[in-house]
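Engineer: Dumping the structure here so I can ask a few things about it.
The values are calculated or read from the model by the stated rules, or taken from the named source; none is laboratory data. This one's a predicted model, so the numbers in the text were calculated from it and none came from an experiment. Please note: Cβ atoms are built from the backbone with ideal geometry, for glycine as well, and neighbour counts cover all protein chains shown. We work out accessible area using only protein heavy atoms, side chains counted, and drop any ligands, DNA or RNA first. Shrake-Rupley method; radii C 1.70, N 1.55, O 1.52, S 1.80 Å.
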Amino acid sequence: WYQRRVREAVVSTQSTGALHTHHYVREMRVRAYAQLLESYSSLTVTYMANSFGVSEKFIDTELSRFITTGALNAKIDKVGGIIQTNRPDKKNWQYQAVIKQGDLLLNRIQKLSRVITI
């Protein structure tokens, strides 16, 4: 129901939007899920399904897909039927970025040293 209403709104407002409706609807769902998850540290799959007017199976499938692609920061406890948000730590993210940049720099230096010694 929710998807159909959003898709109809997009298609009716943009004639060229029909080509991009699937992507637009997907992004809007990600944002809606993120907005709801942002308010809670954890919530049940049932609550989330009822909030969006879809089945629990649909929410479970959608969230699993969005979590694995990195679009949402959460974990699903299938046994307990609970969705737990894990907000990324800014310092941890910065640390990981520095480590990654350092590795790239070391790799470039090693490649350069091989070229120079030849």
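Engineer: May I ask you to verify whether GLU8 is open to solvent by 60 Å² or more (accessible area, probe 1.4 Å) and at pLDDT 90 or above?
Structural biologist: Numbers: open to solvent by 60 Å² or more (accessible area, probe 1.4 Å): yes; at pLDDT 90 or above: no.
So GLU8 does not fit the description; no.
Engineer: Within the set of pairs 6 or more residues apart or between chains, which connect a residue that is within 18 Å of GLY80 (Cβ to Cβ) and modelled with pLDDT of 90 or more inside region 30-57 to a residue that is assigned to a strand (DSSP E or B) and open to solvent by 40 Å² or more (accessible area, probe 1.4 Å) with Cβ atoms less than 6 Å apart?
Structural biologist: Close Cβ pairs satisfying both conditions: SER42/ILE82; SER42/GLN84; THR44/ILE82.
Table: residues versus (1) open to solvent by less than 90 Å² (accessible area, probe 1.4 Å); (2) among the charged types (D, E, K, R); (3) in a helix (DSSP H, G or I); (4) on the phi < 0 side of the Ramachandran plot.
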residue	(1), (2), (3), (4)
LYS57	no, yes, yes, yes
GLU62	yes, yes, yes, yes
GLY70	yes, no, no, no
GLN84	yes, no, no, yes
TRP93	no, no, yes, yes
VAL98	no, no, yes, yes
ASN107	yes, no, yes, yes
SER113	yes, no, yes, yes
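Engineer: Now for a different question. When both residues are 6+ apart or on different chains and their Cβ atoms are under 6 Å apart, which pairs have a first residue that lies in region 64-85 and is within 9 Å of SER42 (Cβ to Cβ), and a second that is charged (D, E, K, R)?
Structural biologist: These pairs meet every condition: GLN84/LYS75.
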